[in-house]
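*Asks:* Before I ask anything, here is the structure I am working with.
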Amino acid sequence: MCFDNKNSYWIDSFIKKYEESFKKVDLLDRKSEYWRFASPSIWYDNYINKKLPSEKQIENFSFNYDGMTDFFIKFKDGMLDISSLTELNKDEKNIEVSSYKDAVTNENHWSSKKFGLAQTNAEKPYKRPLALFNGLDSREGVFIKFKKGMRKKFHIIYEGNEQKKSTIRNLFDFEEDVDITIIEHFYGDSKYNIVSEFFNDKNSKIEHIKIINQDITDTFIYHLFGNCQKNSNIKAINFSFSENPVRNEVNLHLEGPECNATVASLGFGQKATSICDNTVFISHQEESSKSRQIIKNALSGGAKAIFQGKIYVSSVAQKTDGYQMSNGLILTDNCQFLVKPELEIYADDVVCSHGSISGTLNDDHLFYLQSRGIPLLEAQKQLIQAFFAEILNEINDEKVINHIQKQISIKLA
Amino acid sequence: MFEIQNLHVNISEVDKKIIDGINLKINPGEVHAIMGPNGSGKSTLSYTLSGKDGYQVINGDIKLDDESILELEADERAAKGIFLAFQYPIEIPGVGNLSFMRTALNSQRKYNGNSELNPAEFLKVLKEKANNLNIDMEMLKRPLNVGFSGGEKKRNEILQMALLEPRFCVLDETDSGLDVDAMKQVSNGVNSLRSDNRSFLIITHYQRLLNYIKPDFVHIMAKGKIIKTAGPELAIEVEEHGYTHLLT
Ligand SMILES: Nc1ncnc2c1ncn2[C@@H]1O[C@H](COP(=O)(O)OP(=O)(O)OP(=O)(O)O)[C@@H](O)[C@H]1O
Ligand SMILES: [Mg+2]
């Protein structure tokens, strides 16, 4: 397989490589720990073959961007809307932006030196077949280089109308000292397999917020592969309101010392079709980095959540500070929160802790609220919101918070 | 009028009878104090009145204006004007004090057919009440009781009482853990709420509180029963001689 049948491009060697690796991995090896809680067929078969029954949503989940953002990039049914890049291109002193197509067909494009590196780092110990499949299948995406010192906040919108398979490949190159917030919104009738590679240079500060709306009608797969250099700071926060399978894989390679990484996820599922799977791997390769994983899932109606989280500390990564906490709020008793925390530590001077707590709403808390006149249902809502507060506190954009609160309220209505 | 008639209560968790036949009539405007040894069932009584799950009334009745409230949920009892200041106010992380209080007030207003207050109207009311109790508004921006000192939690209970303007107030050892100044502020807060149509049931171990809030009646509770009722002088007697001579 190659990019097209007419010419040859630098991307072709990658596409071939992904194709070969994909053939080799036994995707359906259920014995693999990697698929411990959710069979690969949930993701792969759903993505390739099936169409999940699409339920049209009555609520309007679109986002009001008024005064919210410098600019946004738009994908519609998996296709990049090229015109949405023009606004970005005006700022060419600070930004270089290309579509996937333009980047991979340009022999001298800057991305050819970075492409695939972060994914390769993430292939040990698991090949991550869904990402390999993305590598051979994707023909759309956006590649952006943020030049030294620039600050920016922007949105990427993924709108779906046709329940089409959308395989998308993004690449973000963050140079030294940048301060960038990327907010990705997914809504409508579509299914996704997305890989985003992040290259975070020294002293960069990156916030990545991903919001998967309730009206996503099909399977959603996202891999974030990040390479982080000295003193860089990354926060990757996932919000999932989907009632369909969501697999959120975050893989951060802290290659330089003194990095700071946070991976957080809020999931709220209310149907038996809902699976919110966070598979997180943070690898400490150098000294004095900090990482935190905070996962919260509220579950009702037979919904399921999965957290496989690993902290890896190499033998030279002394003074590592790793933290991992997952909480399940089980609202009806047919729900499951399946957790596999893992520590793999080869250095001796490290602090790593992990914990996992699942339970129902606290009766004393409910009674306190009710004793002040708040009806049971409203009291339950307040406590569910409270359960999520820790994740919402990670972001400080009021409008984004409001949008998320609105989705939580719709679910609670 | 608030009336407890021949009340018997089991704690379902342990299937144990804790309240063993209590009768109490509290007229509008009256202040009643309950004293009694640890474990005699005072807090159990207060939870039962406010409708906590697990406190099973096996006999008797609780009436507000001649109507039984036993079938009402805790939030409905609150909306009808029953308020409990908890002995141990709990912390609820993630629930903001301000939004909690506004939701509480508006829920009650809605229940009683009154219009809800918007955030600005609410803040105005709250500020004034917080000011009277010497409560810092900044503190109220924190989650409910989280990181509050013992005394601050107790004052926050009284603030909620002042805000919700209940008709029947149960104060469960609100004075425990308060410093002298806070005790005065809380007492002033309570006294300023005293009126002809509001009554109080004050649970305490110390006569000192009753110097500030003058009760009309003092009851002694032991082993789930009221064993003696008299005027304020009974509290002084307890302070001086303890309970032993009353129990025998
Ligand atoms: N949930 C419960 N499970 C088992 N026993 C309980 C429970 N709640 C209360 N009790 C018991 O009921 C009795 C009365 O308790 P209660 O808290 O009402 O006492 P109190 O008079 O308020 O005491 P204090 O002065 O110490 O506050 C005690 O023996 C206590 O151990
Ligand atoms: Mg007590």
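*Asks:* Most mobile of B:Leu45, B:Leu72, B:Leu98 per a Gaussian network model of chain B (Cα springs, under 10 Å)?
*Replies:* Evaluated over chain B, the most mobile residue of the options is B:Leu72.
*Asks:* By what distance, in whole Å, do the Cα atoms of segment A:242-308 stretch along each of the three principal axes, largest value first?
*Replies:* 44, 15, 14
*Asks:* So how strong a dipole does the protein assembly as shown carry about its Cα centre when Lys and Arg Cβ are +1 and Asp and Glu Cβ are -1, to the nearest 20 debye?
*Replies:* For the protein assembly as shown, the charge dipole is close to 820 debye.
*Asks:* If you average 1/r across every pair of different Cα atoms in segment A:91-250 and take the reciprocal, what Kirkwood value do you get, in Å?
*Replies:* It is 16.0 Å.
*Asks:* Another question, if that's okay. Return one quarter of the surface area of the convex hull spanned by the alpha-carbon atoms of segment A:317-412, equal to its mean projected area, in nm².
*Replies:* 8.9 nm²
*Asks:* Right, here's the next one. Say we join alpha carbon atoms closer than 10 Å with springs in a Gaussian network model of chain A; which of A:Thr167, A:Thr105, A:Thr279 then has the biggest fluctuation?
*Replies:* A:Thr105
*Asks:* With contacts defined as alpha carbon pairs under 8 Å and 6 or more residues apart, what's the relative contact order of chain A in percent? Please list the in-between numbers first.
*Replies:* Values: 1032 pairs, mean separation 41.6, N = 413.
Across chain A, relative contact order equals 10 percent.
*Asks:* Just to compare against my own numbers: the Cα pair-distance distribution for chain B, 5 Å bins, whole % per bin, please.
*Replies:* Once binned at 5 Å, the Cα pair distances of chain B give 1, 6, 13, 17, 20, 17, 13, 8, 3, 1, 0, 0.
*Asks:* Fewest Cβ neighbours within 10 Å first, please rank A:Trp43, A:Trp110, A:Trp35 accordingly.
*Replies:* Fewest-to-most Cβ neighbours within 10 Å comes out as A:Trp110, A:Trp35, A:Trp43.
*Asks:* Give the calculated FRET efficiency between A:Ser13 and A:Met79 to the nearest 0.05, with a Förster radius of 25 Å applied to their Cβ-Cβ distance. Could the numbers behind the result be given before it?
*Replies:* On the way: r = 25 Å, r/R0 = 1.00.
Working from the Cβ atoms, E equals 0.50.
*Asks:* Quick one: length gained pulling B:Val146 to B:Asp61 fully straight, 0.36 nm per residue minus the C-alpha distance?
*Replies:* Working: separation 85, 0.36 × 85 = 30.60 nm, distance 3.61 nm.
In short, 27.0 nm is gained.
*Asks:* If you don't mind, another one. Suppose each label sits 7 Å from its Cα in the direction of the beta carbon; what would the B:Asn197-B:Leu123 distance come out to in nanometres?
*Replies:* 3.1 nm
*Asks:* What's the tally of Lys pairs in segment B:95-165 whose alpha-carbon atoms lie under 19 angstrom apart, where the two lysines are 8 or more places apart or on different chains?
*Replies:* For segment B:95-165, the number of qualifying lysine pairs is 9.
*Asks:* Looking only at segment A:364-391, which residues have a backbone nitrogen under 20 Å from a spot 7 Å from the Cα of A:Thr332 in the C-beta direction?
*Replies:* A:376-385, by backbone N distance to the label point.
*Asks:* Right, something else. So how do A:Cys259, A:Cys228 line up by other beta-carbon neighbours within 10 Å, fewest first?
*Replies:* If I rank by nearby Cβ atoms, fewest first, I get A:Cys259, A:Cys228.
*Asks:* Additional query: Just counting partner chain Cβ atoms within 10 Å, what average do the residues of peptide B:86-99 show around their Cβ?
*Replies:* 4
*Asks:* Go from 0 up to the bin containing the longest alpha carbon distance in segment B:1-146, width 10 Å each, and give me the % of pairs per bin.
*Replies:* Per 10 Å bin, starting at 0, the Cα pair percentages come out as 10, 32, 32, 22, 4.
*Asks:* Using Cβ counts within 10 Å as a stand-in for footprinting exposure, how do A:Leu252, A:Leu85 rank, fewest first? Please list the in-between numbers first.
*Replies:* Details: A:Leu252 29, A:Leu85 19.
Fewest to most other Cβ atoms nearby, the residues stand as A:Leu85, A:Leu252.
*Asks:* Kindly provide the helix-only [θ] at 222 nm of the protein assembly as shown, computed as the sum of -39,500 (n - 2.57) over DSSP H runs of four or more divided by all residues, to the nearest 500 deg cm²/dmol?
*Replies:* -8000 deg cm²/dmol
*Asks:* Charges on Cβ only, +1 for Lys and Arg, -1 for Asp and Glu, centred on the Cα centroid of segment B:68-202; of B:Ile82, B:Ala162, B:Gly94, which one is farthest towards the dipole's positive end?
*Replies:* B:Ala162
*Asks:* Sticking with this structure for a sec: Please figure out what share of the DSSP beta bridges in the protein assembly as shown is antiparallel and state it in percent, rounded to the nearest 5.
*Replies:* Roughly 20 percent of the beta bridges in the protein assembly as shown run antiparallel, per DSSP.
*Asks:* Projecting each Cα onto the charge dipole of chain A (Lys/Arg +1, Asp/Glu -1 at the beta carbon, about the Cα centre), which of A:Ser41, A:Asn327, A:His185 comes out farthest on the positive side?
*Replies:* So the residue furthest toward the plus end is A:Ser41.
*Asks:* While we're here: Residue farthest toward the positive end of the dipole of chain A, with Cβ of Lys/Arg at +1 and Asp/Glu at -1: which of A:Tyr126, A:Asn170, A:Val250?
*Replies:* Of the options given, the answer is A:Tyr126.
*Asks:* Over segment B:113-243, what portion of Cα pair distances is larger than 27 Å, expressed as a whole percent?
*Replies:* So the pairs more than 27 Å apart make up 27 percent of the total in segment B:113-243.
*Asks:* Within 10 Å of each Cβ of A:373-385, how many other protein chain Cβ atoms are there on average?
*Replies:* Mean partner-chain Cβ count within 10 Å for A:373-385: 6.
*Asks:* Can you tell which of B:Glu128, B:Glu233, B:Glu13 shows the greatest fluctuation in a Gaussian network model of chain B with Cα springs below 10 Å?
*Replies:* B:Glu13
*Asks:* Given R₀ = 25 Å, FRET efficiency for B:Leu70-B:Asn23 by Cβ-Cβ distance, to 0.05?
*Replies:* Efficiency, from the Cβ-Cβ distance: 0.95.
*Asks:* Using a basic spin-label model with each label point 7 Å from the Cα along Cα→Cβ, how many nm lie between A:Val316 and A:Gln163?
*Replies:* Each label point is offset 7 Å from its Cα along the Cβ direction, giving 5.2 nm.
*Asks:* Here is a further query. For chain A, report the % of Cα-Cα distances exceeding 33 Å.
*Replies:* 30 percent
*Asks:* Separate question: Regarding segment B:95-165, what is the average projected area of its C-alpha convex hull, in nm²?
*Replies:* Quarter of the Cα hull surface area: 4.4 nm².
Bear in mind that the values in this text are calculations on the coordinates, not laboratory data. Quantities reported herein were computed from a predicted structural model and do not represent experimental measurements. We place every Cβ from the backbone using ideal geometry, glycine too, and count neighbours over all the protein chains shown.
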